[in-house]
Amino acid sequence: MIVREISLSDAAGVARVHVDSWRSTYRGIVSDDFINGLTYEKAMEHFISIFRPKDSPVFGFVAEVDGQIVGFGAGGPEFYEVLGGQIVRTKMLDIGGCENCKACGAGQFV
């Protein structure tokens with residue numbers, strides 16, 4: 001496993017891991033409408049909007065196995081984020097791991 005700094009070229013891989021991990025982890029906890037509304041395209045657009053600005057205070061890392069992103073983590077200054085109709089105070093933007101790699105330990109490195 002390789003852990004490295006995140007880059008814009010990781011958008012598709014991060015989007016895939018984010019959406020797949022939410023679908024497998026939160027189904028039955030979060031509303032089906034929310035889970036079914038998650039798409040790779042929306043997740044990729046969101047990732048790019050956060051990491052594209054040159055002065056973005058957001059940072060992140062990805063975990064790769066055989067060249068495939070299997071986990072990621074991103075964070076930045078405190079901000080308020082709307083999630084499922086609730087306002088959540090957060091420093092950690094996201095951490096995700098693919099279904100096949102949940103036991104591989106990628107999350108502890110990112």
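The values are calculated or read from the model by the stated rules, or taken from the named source; none is laboratory data. Just so it is clear, the structure is predicted and the values come from calculations on it, not from any experiment. With ideal geometry, Cβ positions are generated from the backbone for all residues, glycine too; neighbour counts draw on all protein chains shown.
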Practice prompt. Residues being of a type in the set (Ser, Thr, Tyr) and closer than 12 Å to Gly71 by Cα: count how many of those fall in the stretch 5-25.
Written response: 1
Item to complete: Could you check how many residues of the stretch 39-53 are modelled with pLDDT of 90 or more and crowded, with 18+ Cβ neighbours inside 10 Å?
Response: 2
Worksheet item: Picking from Val62, Val70, Val88, Val82, which residue would you name as being of a type outside the set (Phe, Trp, Tyr), in contact with a Cys (Cβ under 8 Å, 6 or more places away or on another chain) and either modelled with pLDDT of 85 or more or more than 19 Å from Ser9 (Cβ to Cβ) (or both)?
Response: Val70
Response to the item:
A careful count of residues in the stretch 32-59 that are polar (S, T, N, Q) and closer than 15 Å to Ser9 by Cα gives 1
Worksheet item: Which of the residues that make up the stretch 8-38 are exposed (fewer than 14 other Cβ atoms within 10 Å of the Cβ), at negative phi, free of Cβ contacts under 8 Å to residues at least 24 places away in the same chain and not basic (Lys, Arg)?
Response: Ser9, Ile29, Asp32, Asp33, Asn36, Gly37
